[in-house]
Amino acid sequence: MSESTTATGEPARTVSGAEILLQNVTKRYPGQDKPAVDGLTMQIPAGQVVMLVGPSGCGKTTTLKMINRLIEPTEGSIVLGGDDVTRMNGDKLRRRMGYVIQAGGLFPHQTVAANIAVVPKMLGWDKARIAARVDELLELVSLDPEVYRDRYPKELSGGQQQRVGVARALAADPPVLLMDEPFGAVDPITRQRLQDELINIQAEVQKTIVCVTHDFDEAVKLGDWIAIFTEGAHLVQYDTPERILAEPANAFVENFIGSGAGLKQLTLTRVADVPLAEAEQARPGEHADAVLERMEASGRHHVVVLDDRGRPRQWLSRKQVRRAGTLTGELDPQLPVVSSRSTLNDALDTMLVSSAGAALVTGRRDAFVGVIDVDSVMEAIAAARASTRSGDYTAPVGTNTGVLPAADGHGGAHAVTAGDPS
Ligand SMILES: Nc1ncnc2c1ncn2[C@@H]1O[C@H](COP(=O)(O)OP(=O)(O)O)[C@@H](O)[C@H]1O
Ligand SMILES: [Mg+2]
């Protein structure tokens with residue numbers, strides 16, 4: 001979680017995002033008896049990621065679209081970095097807010113480069129500056145500019161389209177990124193990768209991100225803060241993922257978290273945050289006798305065979321080494337490998353299917369960095385629990401009562417929640 005919050009909306013040096021404040025915002029659609037959003041007051045801290053979650057129809061998209069005024073609030077005001085956006089020119093406002101929707105929402109008849117260049121063009125940037133920015137953004141979202149800039153959206157996979165959508169939203173370097181179910185249309189593996197990428201991108205750009213999802217696990221993974229809504233955008237709990245998992249405000253939140261809250265804690269920790277074990281290493285072409293001798297000496301029961309760039313190829317028991325005679329280094333397609341950026345949840349999945357009950361961890365350029373095992377994961381869970389209990393912080397304000405709670409400087413300042421233990 002990023003530490004610097006600027007209550008004034010003045011961007012701090014390390015944060016390029018701006019604070020957003022929703023004040024008593026209500027949206028009534030014509031012909032509906034109940035408001036879609038009912039008197040919502042909510043502070044969205046600068047440079048942080050706020051996830052809006054809740055069941056279908058609870059008002060998430062309406063809330064998001066009022067922030068960039070794709071939907072006009074019926075009542076209330078929205079303040080961006082100190083300016084009342086309800087009085088701003090809508091087009092100008094939207095240039096200060098990147099907007100990402102499902103499947104990227106790309107223009108089908110324009111190339112990737114043209115799609116990304118939409119806002120810079122409107123802003124009158126010159127061609128060279130636009131071209132440089134397009135390439136820079138494609139690099140940021142892990143697409144090779146040479147390969148992708150002249151393609152059309154239909155020539156891309158769903159995940160690639162989504163990446164271009166993110167690049168387009170970031171094009172003019174807006175302080176705010178609004179995302180509506182951005183990864184809803186891609187398969188689970190691509191989704192996981194895109195989520196990891198968004199985390200990396202955010203570490204670099206430090207935008208204020210408001211992201212709608214109906215997937216609580218995604219909220220835990222991506223959010224600095226999670227806002228849980230019921231119908232009418234009534235805030236049930238607005239707090240850190242850790243706190244919501246540890247102390248759900250009521251039965252609705254508990255139900256929404258679903259089963260396995262303990263396991264979801266694993267989504268909060270990355271493999272890189274856990275101490276890794278060392279492993280015996282060998283090269284293809286080595287003779288079994290020499291390798292077994294080293295394994296005897298070190299007391300280790302498995303050996304990792306690495307290629308000349310340090311990437312794992314095989315993970316063998318003593319028995320397998322003996323049987324091999326000479327190590328072939330032929331890539332084992334079942335090799336349990338996780339990236340150091342993976343969540344412990346994803347790592348655990350990999351470990352559980354591996355016969356060793358552990359996984360090989362790779363870092364930069366897929367080079368081997370160590371071994372993660374179930375014991376170290378269990379220790380990490382225990383440590384995470386302990387730090388949740390002792391954590392002290394000020395949660396952003398969120399309420400539908402219209403009354404701003406007095407800032408008391410203590411954690412868990414969600415005004416709508418009874419029985420806050422802090
Ligand atoms: N354009 C519209 N006209 C009338 N009612 C709408 C319109 N858009 C959304 N609604 C209603 O407002 C409520 C909130 O919708 P929405 O913000 O899209 O919810 P969510 O994104 O949480 O699924 C729902 O009851 C929905 O039917
Ligand atoms: Mg929606």
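Throughout, read-outs are computed from the coordinates displayed, never taken from laboratory work. The structure presented is a predicted model; accordingly, all values stated were derived computationally and were not measured. Reconstructed Cβ throughout: ideal geometry from the backbone, glycine too, with neighbour counts over all protein chains shown.
Worth pointing out:
- The antiparallel fraction among DSSP beta bridges confined to the chain stands at about 55%.
- Exposed loop sites are taken as GluC sites (Glu not before Pro) in a DSSP loop (any state but H, G, I, E or B) with at most 15 other beta carbon atoms within 10 Å; the longest stretch of the chain without one runs 4-277.
- Amide hydrogen neighbours beyond the local backbone of Ala282, cut-off 5 Å, H modeled: Val304, Val305, Leu306
- Judged by the mean number of other Cβ atoms found within 10 Å, the most tightly packed of the peptides 301-314, 116-129 leads the ranking 301-314, 116-129.
- Asp289/Glu146 FRET efficiency (R0 56 Å; Cβ-Cβ; nearest 0.05): 0.70
- Cβ-defined net charge surrounding Lys34, 10 Å radius [Lys, Arg +1; Asp, Glu -1]: -2
- Partner aspartates and glutamates whose Cα lies under 19 Å from the Cα of Lys127, excluding those fewer than 8 positions away in the same chain, are identified as Asp135, Glu136, Glu139, Glu146, Asp150, Asp173.
- Relative contact order of the stretch 190-259, taken over Cα pairs closer than 8 Å and 6 or more residues apart, is 21 percent.
- Computed E for Asp173/Arg322 - FRET, C-beta separation, R0 56 angstrom, nearest 0.05: 0.45
- Where a label projected 7 Å from the Cα of Arg28 along Cα→Cβ would reach, residues of the stretch 61-89 with amide N under 11 Å: 74-75
- Working from label points 7 Å from Cα in the Cα-to-Cβ sense, the Glu278 to Ser355 distance is 2.7 nm.
- Whole-angstrom gap from the stretch 20-35 to the stretch 72-136, using each part's C-alpha centre: 24 Å
- Given Lys121/Lys154; Lys27/Lys264; Lys27/Lys221; Lys34/Lys60; Lys27/Lys121, the pairs whose alpha carbons are separated by over 26 Å: Lys27/Lys264; Lys27/Lys221; Lys27/Lys121
- Per-residue 3J(HN,Hα) values for the stretch 172-178, derived from phi via the Karplus relation 6.51 cos²θ - 1.76 cosθ + 1.60 with θ = phi - 60°, read 8, 6, x, x, 10, 10, 10 Hz in sequence order (x marks Gly and Pro).
- Prolate/oblate/rounded label for the chain (Cα gyration tensor, a/c 1.5): oblate
- Annotation: the antiparallel percentage among DSSP beta bridges lying fully within the stretch 20-269 is about 45.
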